[in-house]
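The values are calculated or read from the model by the stated rules, or taken from the named source; none is laboratory data. On a predicted model such as this, the values are computed, not experimentally measured, just so you know. Methodologically, a virtual Cβ is constructed for each residue, glycine included, from the backbone with ideal geometry; neighbour enumeration extends over all protein chains shown.
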Ligand SMILES: Nc1nc2c(ncn2[C@@H]2O[C@H](COP(=O)(O)OP(=O)(O)OP(=O)(O)O)[C@@H](O)[C@H]2O)c(=O)[nH]1
Ligand SMILES: [Mg+2]
């Protein structure tokens, strides 16, 4: 692993991991190359970045001449983050979407019911999270649009069917299928530095149907045969058991904080619709969401929150805390 990677490099690498088309890839790769500390240990990474850049340039040309911009299937991002529901056939992906959101996904006893991805919005306190139901992944079946969806999502929930003796095997099949590609799952999202095309998406394991009689033995078997370091949340969509814990874990996995904005002229802040920014983000990240012009013209802000006295004046590098109220001035 190349040492001393800058914050800008890591940010660009994260954006590259989630890029949805060649020009996004190219932009991120160029930042990565520029930010890469140049020394002996990083030579391999440098040459790999250069190769990727020349390939991305060609892809940009192809996309332009074919009029294609990004993947054929694209779901606009909404809410505090995007979480993709994955699993083998009948694992309960569509049931989960229907239970956690208002979207009406088709649920059926037979496998391969879902044929294309379907989004829905999950509420958590005063924020919403975008969930995406997907077709099943098996040894022979892996819908091509899923690559982009998995890479582009903040995280994945991997459902397992504990209602069938095949559930554990189907989970293994799915993991093996992904292992043949550059889109994989892990306890935390990251980009493999030895092969920067290889992306890992943060994943929670949700063994489903724990209401059924043999489910607990199958869960033991799952832990034995398929030991994974993903956080585990056993659930039953039918009885509701474990669902609220899963909902909470999905939100917490986004690792965001909520910030409420107050107009300088208003007496009260808007407490209905918080902005969400990555934990560790600054006022600049909030300003960018309010309006992109705000980033340039930002002067200072007043903050009411847990870490500062009410109405404290802060600069752009102030790290926002959950439930801060900010009044941006420009
Ligand atoms: N007993 C029980 N049955 C469930 C549970 N969750 C889902 N099911 C049933 O399992 C079957 C499959 O559910 P779906 O939600 O369609 O599964 P899926 O993963 O979307 O399936 P595909 O779209 O075919 O990949 C349906 O008959 C559901 O009613 C649960 O917690 N307990
Ligand atoms: Mg389905």
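Worth pointing out:
- Candidate set from segment 82-99 (those that are part of a helix (DSSP H, G or I) and over 12 Å from residue 206 (Cβ atoms)); member that is nearest to ligand 2 (Cβ to nearest atom): 94
- Filter result (in a strand (DSSP E or B) and away from ligand 2 (no atom under 13 Å from the Cβ)) within segment 111-149: 119, 121, 122, 123, 124, 127, 128, 129, 130
- Residue 108 being within 13 Å of ligand 2 (Cβ to nearest atom) and exposed (fewer than 15 other Cβ atoms within 10 Å of the Cβ): yes
- Which listed residue is part of a helix (DSSP H, G or I) and at pLDDT 90 or above, from 25, 14: 25
- Among residues of segment 96-134, those that are closer than 20 Å to residue 235 by Cα, within 19 Å of the chain's Cα centre (by Cα) and free of Cβ contacts under 8 Å to residues at least 60 places away in the same chain, counted: 9
- Pick from segment 286-330, criterion in contact with a helix residue (DSSP H, G or I) (Cβ under 8 Å, 6 or more places away or on another chain) and part of a helix (DSSP H, G or I), ranking: surrounded by the fewest Cβ atoms within 10 Å (Cβ to Cβ): 295
- Members of segment 120-133 that are surrounded by 20 or more Cβ atoms within 10 Å (Cβ to Cβ) and more than 9 Å from ligand 1 (Cβ to nearest atom): 120, 122, 129, 130, 131, 132
- Enumeration of residues in segment 294-304 that are more than 12 Å from residue 262 (Cβ to Cβ) and either in contact with a strand residue (DSSP E or B) (Cβ under 8 Å, 6 or more places away or on another chain) or in contact (Cβ under 8 Å) with a residue 12 or more places away in the chain (or both): 294, 297, 298, 299, 300
- If you go through segment 29-44 and keep only what is out of contact with any helix residue (DSSP H, G or I) (no Cβ under 9 Å at 6 or more places or on another chain) and part of a helix (DSSP H, G or I), you end up with 40, 41, 42, 43, 44.
- A single member of 76, 136, 89 is in contact with a strand residue (DSSP E or B) (Cβ under 9 Å, 6 or more places away or on another chain) and more than 16 Å from ligand 1 (Cβ to nearest atom), and it is 76.
- On the stretch given as segment 211-235, residues that are in contact with a strand residue (DSSP E or B) (Cβ under 7 Å, 6 or more places away or on another chain) and under 26 Å from residue 108 (Cβ atoms) total 5.
- Residues (surrounded by fewer than 18 Cβ atoms within 10 Å (Cβ to Cβ) and over 19 Å from residue 154 (Cα atoms)) located in segment 9-30: 23, 27, 30
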